[in-house]
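Step one of this worksheet: look at the structure below.
What follows draws every value from the coordinates through simple rules; no lab data is involved. None of these values were measured; they are calculated from a predicted model. Backbone-built Cβ (ideal geometry, glycine too); neighbour counts: all protein chains shown.
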Amino acid sequence: MRSRTGILPVQAALLILCCLNASASDSTFWTTGKALMPAWGLYPNGETYDGTKSLDQYSAWKAGRLTWVAEFPADGQYTVFVRRIAAYGHVTVSLNDVPIKGGKGWTRVDNQSNNRYRWENVGRVHVTKGSQHVDLEIEGMFDAVVFTANTAFNPDNDSLPEPLKQPVLRASRKVS
C-alpha cells in the first residue's frame, strides 16, 4: 500500500546510491610519500606551507623516483591525483613504464597562494586487475598519490579511505 505514496521507490533509490558509493570507495586507494620512502635523492620534509601540512608525517622532497607495486582491485578506468606543493616542481606518474597524461590540472580551490599542498588531476588510465608497476618521477615536494575508478571523486571534498601504510616497494617486474 505504501508504494502508492512513493516511499518504496525513494527507499530503493537510496539503497542504489548507497551501493554505488560503497563500490566507488572500494576502487579508490592511495598512499603517501612517506610510505614510499626511502628513495635515492629524496629527503623527508615535514614543514607546513601556508597552513597546509603533509597528510602523513612528512613528504618526499627534492628530485628522485619512488617505485610502487600497486594492487588494483578491478579492471577499469582510473583517475590519478597527485598531492604536492603547487609553487614549483612536478610529478610524473607512470604505470608499467607508460607516463599517464591528459589530466585536468589543479583541482578547484581558492587561489590565495600556490605555496601550499594542492591536488593535481594527472589523467586517466585503463588498468587491469592485479599488480601494476607505478613510478613517480619527482621534482619538488610530493605528498600523496590517489588512484580512483570513481569519476565523481574529488580529493579536495571527498573523504579518502585509509592509506596504504606499507605498499610493496621496488619489487621485481614480471617478465612476459
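Here are some notes:
- Aspartates and glutamates whose Cα lies under 18 Å from that of residue 165, excluding same-chain neighbours fewer than 8 positions away: 26, 56, 71, 135, 143
- Residue-by-residue Karplus 3J(HN,Hα) for region 143-153, coefficients 6.51, -1.76, 1.60, Hz, glycine and proline x: 10, 7, 10, 10, 10, 9, 8, 7, 5, 8, 5
- Amide proton proximity set for residue 63, modelled H, under 5 Å, gap of 5+: 140
- Here, region 27-169 is characterised by an Rg to Rh ratio of 0.93, where Rg is the alpha-carbon radius of gyration and Rh the Kirkwood radius.
- Approximating the spin labels as points 7 Å out from Cα along Cα→Cβ, the residue 166-to-residue 126 distance works out to 3.6 nm.
- The trypsin sites (Lys or Arg not before Pro) of region 66-135 that meet both conditions, a loop assignment by DSSP and at most 15 other Cβ atoms within 10 Å of the site Cβ, are 101, 108, 129.
- For region 35-176, the dipole from Cβ point charges (+1 on Lys and Arg, -1 on Asp and Glu) about the Cα centre works out to 260 debye, to the nearest 20.
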